[in-house]
Amino acid sequence: EPLSSTGLRVLHISPFANSSWTRTDGSFWLGALQTHSWGNGSDIHFLRPWSQGKLSDHQWEQLQQVFWVYRSSFTREIREFAKMLHLDYPFVVQVSAGCEVHPGSPLKSFFHSAFQGSDILSFQGTSWVPAPDAPHGAEVVSKELNKDQYVKDTLEWLLNDICPQLVTGLLEAGQQDLEKQAEGSHVPVGWIVAAVLASLLLVGGGVTFWLKKRSWTHRSNLE
């Protein structure tokens with residue numbers, strides 16, 4: 001769905017060629033403006049002079065560590081789900097997550113995941129929910145994910161605390177660029193998603209959300 005200029009969306013794609021080869025790439029978008037890139041095996045890179053927002057160097061360092069743990073953990077667990085559900089390789093897992101911040105209105109956060117381009121589940125409120133008409137495997141995955149309270153708490157924290165803090169800082173620090181963007185032609189979010197997915201698929205290129213308890217220390221340092 002369309003995202004306003006006061007919203008941050010993280011797009012993430014993970015192609016799994018077989019049981020031993022995969023990669024993960026992503027990008028951050030503030031409205032229709034890309035602010036960060038996240039290449040396979042690398043840290044999150046700033047694409048704008050103001051991409052750090054109002055987060056400190058220390059906060060960004062710790063957030064980078066959380067993302068590293070996330071990436072290594074979900075790769076391992078996706079393979080376990082593939083084995084459990086007897087999935088055929090190759091396949092692609094996609095994620096769209098973020099939040100919208102509007103003064104005077106409740107925060108709107110979202111986390112949607114797709115398998116082979118079709119919605120399979122999302123995080124709503126405090127739990128994982130299978131997408132309407134999703135295959136039975138989505139219900140199995142949701143039940144497994146809902147058993148881990150720590151992961152759910154961590155995701156709530158990222159979506160409801162860190163995301164709006166980052167959005168607010170980006171809106172303030174990047175005001176001039178964002179105003180120029182608003183004066184130009186609108187780029188549909190669908191085009192952004194298509195462009196990102198196409199470019200990532202060209203280089204060969206998830207969903208699991210098993211953020212292991214190793215990230216607890218990093219989370220505490222960010223709070």
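With the condition kept exactly as written, say whether any residue in segment 41-50 is of a type outside the set (D, E), more than 19 Å from D161 (Cβ to Cβ) and not in a loop (DSSP other than H, G, I, E, B).
yes
Which residue pairs have Cβ atoms under 8 Å apart, sit 6 or more places apart or on different chains, and have a first residue in segment 58-75 that is more than 17 Å from Y150 (Cα to Cα) and a second that is outside any helix (DSSP H, G or I) and among the small types (G, A, S)?
Sorted first by the residue in segment 58-75, then by its partner, the pairs are T75/S14; T75/G206.
Determine which member of the set Q165, Q175 is among the polar types (S, T, N, Q), over 14 Å from the mean Cα position of the chain (by Cα) and at pLDDT 90 or above. It would help to see each step written out before you state the result.
Working: Q175 fails: at pLDDT 90 or above.
Among Q165, Q175, only Q165 is among the polar types (S, T, N, Q), over 14 Å from the mean Cα position of the chain (by Cα) and at pLDDT 90 or above.
Which residue out of S27, S73, S19 is hydroxyl-bearing (S, T, Y), more than 17 Å from Q165 (Cβ to Cβ) and surrounded by fewer than 14 Cβ atoms within 10 Å (Cβ to Cβ)?
Every option except S19 fails the conditions.
Go through F110, F74, F123 for me and flag whichever is touching a helix residue (DSSP H, G or I) at 6+ places or on another chain (Cβ under 7 Å) and either modelled with pLDDT under 95 or closer than 28 Å to T168 by Cβ (or both). Don't jump to the end; show me each part of the working.
Details: F110 fails: touching a helix residue (DSSP H, G or I) at 6+ places or on another chain (Cβ under 7 Å); F74 fails: touching a helix residue (DSSP H, G or I) at 6+ places or on another chain (Cβ under 7 Å).
None of the others qualify; the one that does is F123.
Within segment 69-86, identify whether any single residue is in contact with a Leu (Cβ under 7 Å, 6 or more places away or on another chain), basic (K, R) and either more than 24 Å from Q176 (Cα to Cα) or not in a loop (DSSP other than H, G, I, E, B) (or both), and answer yes or no. Please lay out each step first, then the result.
Our first condition is that a residue be in contact with a Leu (Cβ under 7 Å, 6 or more places away or on another chain); within segment 69-86, this holds for 69-70, 73.
If we keep only those that are basic (K, R) too, we end up with none.
Scanning segment 69-86 turns up no residue that is in contact with a Leu (Cβ under 7 Å, 6 or more places away or on another chain), basic (K, R) and either more than 24 Å from Q176 (Cα to Cα) or not in a loop (DSSP other than H, G, I, E, B) (or both).
Could you please let me know if L63 is at pLDDT below 95, in a loop (DSSP other than H, G, I, E, B) and of a type in the set (A, V, I, L, M)? Please lay out each step first, then the result.
Details: at pLDDT below 95: yes; in a loop (DSSP other than H, G, I, E, B): no; of a type in the set (A, V, I, L, M): yes.
No; evaluated as a whole, the condition is false for this residue.
Give the number of residues within segment 129-151 that are crowded, with 19+ Cβ neighbours inside 10 Å, assigned to a helix (DSSP H, G or I) and at pLDDT 90 or above.
The number of residues fulfilling the criteria is 4.
Of the numbered conditions (1) over 17 Å from the mean Cα position of the chain (by Cα); (2) under 16 Å from Y70 (Cβ atoms), T24 satisfies every one except a single condition; which is it?
Here T24 clears every test but (1).
What single numbered condition from (1) within 15 Å of the chain's Cα centre (by Cα); (2) loosely packed, with under 13 Cβ neighbours inside 10 Å; (3) of a type in the set (V, I, T) fails to hold for T126?
Every listed condition holds for T126 apart from (1).
The values are calculated or read from the model by the stated rules, or taken from the named source; none is laboratory data. Bear in mind the structure is a predicted one, so any value in this text is a computation, not a measurement. Cβ: placed from backbone, ideal geometry, glycine included. Neighbour counts: every protein chain shown.
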